[in-house]
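Asker: Sharing a structure with you now.
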Amino acid sequence: MPILKIARMGHPILNQISQPVIDPTAPEVSRLISAMIETMEDAKGTGLAAPQVHMPWRIVVYKVIAEREDTGENGGVPTTAIINPVIEPLGDDTNVAFEACLSVPGMAGPVSRFNRIGLTYQNIIGETVECEAEGFHARVLQHECDHLDGVLYPMRIEDMSQFGFIEEMGKNNENEGSEQHREEVSDE
Ligand code: ZN
């Protein structure tokens, strides 16, 4: 499987609304998903949405490593492909944390997301799956599903003074939680 080229902010495909997948069991869907997983791993990302690899379909791959203690689920989430995902907030509670994105390389900024969400999607064998996610897991899903609607995380930053290059944040915030920045940021 080839490593796919990742579109960066400014490419019009990232601003499009992606199309629903009619047949999640189609061979081209599983081929695309395999290539997306390989591309995500190569780029050391946490998640990847199909439009990020120039394919305007409602498909996301992601994983949450077990070491993240704020996932709400012990043991993290293994590499998962979700097709036609629909998320809904569970409650009004939100939290703000730094996000990064493979389509906005080298940068990070604070984004408010819902603490808990419900997720409905189809898997690669066409089953409909319903589940709940919280904490970092819920954040990753909200970030990735935004991609399917043409929304990039910088469009959601309220305090733009906090948006910047990760490298510079590390240099300048040595006494103000640079460790925290590094820990929170993972490319999605
Ligand atoms: Zn992203």
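The values are calculated or read from the model by the stated rules, or taken from the named source; none is laboratory data. If you're wondering where the values come from, they're calculated on a predicted model, not measured in any experiment. Every residue, glycine among them, receives a Cβ derived from its backbone with ideal geometry; neighbour counts consider all protein chains shown.
Asker: Just wondering, is there one or more residues in the range 28-44 that are over 18 Å from the mean Cα position of the chain (by Cα), in contact (Cβ under 8 Å) with a residue 40 or more places away in the chain and farther than 24 Å from ALA138 by Cβ?
Answerer: Yes, there is a match, as at least one residue in the range 28-44 is over 18 Å from the mean Cα position of the chain (by Cα), in contact (Cβ under 8 Å) with a residue 40 or more places away in the chain and farther than 24 Å from ALA138 by Cβ.
Asker: Let me ask another. Output the number of the condition that ILE65 fails; it satisfies all remaining conditions of (1) closer than 20 Å to ILE166 by Cβ; (2) surrounded by 15 or more Cβ atoms within 10 Å (Cβ to Cβ); (3) not aromatic (Phe, Trp, Tyr).
Answerer: Here ILE65 meets the rest and fails (2).
Asker: What pairs can you find where one residue is in the range 81-110 and over 24 Å from ILE33 (Cα atoms) and outside any strand (DSSP E or B), the other is more than 13 Å from the ligand (Cβ to nearest atom) and of a type in the set (Gly, Ala, Ser), and their Cβ atoms are less than 6 Å apart, with a gap of 6+ or different chains?
Answerer: Pairs that qualify, where the first residue is over 24 Å from ILE33 (Cα atoms) and outside any strand (DSSP E or B) and the partner is more than 13 Å from the ligand (Cβ to nearest atom) and of a type in the set (Gly, Ala, Ser), are LEU90/GLY118.
Asker: So, one more: So which residues in the range 112-158 are within 17 Å of ASN84 (Cβ to Cβ), of a type in the set (S, T, N, Q), surrounded by 14 or more Cβ atoms within 10 Å (Cβ to Cβ) and away from the ligand (no atom under 15 Å from the Cβ)?
Answerer: Matches in the range 112-158: THR120, GLN122, ASN123.
Asker: Right, here's the next one. Kindly provide the set of residues from the range 68-96 that are hydrophobic (A, V, I, L, M, F, W, C), surrounded by 18 or more Cβ atoms within 10 Å (Cβ to Cβ) and modelled with pLDDT of 95 or more, ordered by number.
Answerer: ALA81, ILE82, ILE83, ILE87
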